[in-house]
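Peer 1: Sending over a structure as C-alpha cells; questions will come in a sec.
The values are calculated or read from the model by the stated rules, or taken from the named source; none is laboratory data. If you're wondering where the values come from, they're calculated on a predicted model, not measured in any experiment. Every residue, glycine as well, gets a Cβ built from its backbone with ideal geometry; the counts of neighbours run over all protein chains shown. All accessible areas refer to the heavy atoms of the entire protein, side chains included, with ligands and DNA or RNA removed. Shrake-Rupley method; radii C 1.70, N 1.55, O 1.52, S 1.80 Å.
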Amino acid sequence: MENAEPPEGERIAQLCRAIYEDMRESVYAGAARRGFDDLRPAHSGVLRHIDAAGSRVVDLAERAGMTKQSMAYLTEGLAALDYVEIGADPGDRRAKRVLLTRRGRDAVATLTKLSLEAEAAIADKIGKGRIEALRKDLRDIKAALRRAAPGQ
C-alpha cells in the first residue's frame with residue numbers, strides 16, 4: 001500500500017512542532033502575566049531539564065541536545081535574572097552545578113501549571129478521550145522511532 005503525501009505543513013513532525021510552538025507561546029505569555037516577563041522560551045532548555053537537587057552544566061547540555069558552551073550561556077543568563085545559582089559541583093570541583101533559586105522553582109511551577117492548563121483547555125475543546133488517544137498514539141510513534149533509530 002502506497003502512502004499518500006500529506007498536505008503541506010501536515011507531516012507529523014510539522015504538526016507536532018506547530019502545536020509545541022503555539023503552546024509554548026501561550027505558556028510563556030501566561031508566565032509573563034504572572035511576573036516572569038524576563039523568561040524566554042530558550043530558557044526552557046535549562047528549566048525543563050534541571051534536577052531538583054541541581055544539575056551539572058554538561059548534563060543539562062546533553063539532556064537539552066545542545067553544546068556545553070550554549071548551556072553555560074543560558075545558565076549564566078538565568079543566574080543574572082535570579083532563576084538559578086551556579087556553583088562548584090561537590091563531586092567534581094572542576095564542574096559547575098546549577099541549582100534553582102526560589103524564583104526559579106516558582107517559575108518552573110508556574111510554567112508546569114500553565115502547560116497543564118493549556119492541555120486541559122484543548123481537552124475541553126476536542127474531548128478528553130481524543131487527547132488520551134492522541135497521547136497514546138504519540139507514545140507509540142516515539143517508541144517506533146526509537147526502535148528504528150540507527151545504532152540502537
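Peer 1: Of all residues in the range 62-75 being under 14 Å from Leu99 (Cα atoms) and either open to solvent by 50 Å² or more (accessible area, probe 1.4 Å) or among the aliphatic types (A, V, I, L, M) (or both), which is farthest from the chain's Cα centre (by Cα)?
Peer 2: Top of the filtered list is Ala72.
Each row is one residue, and each column tells you yes or no for (1) farther than 13 Å from Val108 by Cβ; (2) open to solvent by 40 Å² or more (accessible area, probe 1.4 Å); (3) within 13 Å of the chain's Cα centre (by Cα).
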site	(1), (2), (3)
Ile12	yes, yes, no
Asp37	yes, yes, no
Ser44	no, no, yes
Ala52	no, yes, no
Leu60	yes, no, yes
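Peer 1: Give me a count of the residues in the range 120-152 that are out of contact with any helix residue (DSSP H, G or I) (no Cβ under 7 Å at 6 or more places or on another chain), open to solvent by 60 Å² or more (accessible area, probe 1.4 Å) and free of Cβ contacts under 8 Å to residues at least 40 places away in the same chain.
Peer 2: 19
Peer 1: Look at Arg94 and say whether it is of a type in the set (Lys, Arg), touching a strand residue (DSSP E or B) at 6+ places or on another chain (Cβ under 9 Å) and open to solvent by 50 Å² or more (accessible area, probe 1.4 Å).
Peer 2: So Arg94 fits the description; yes.
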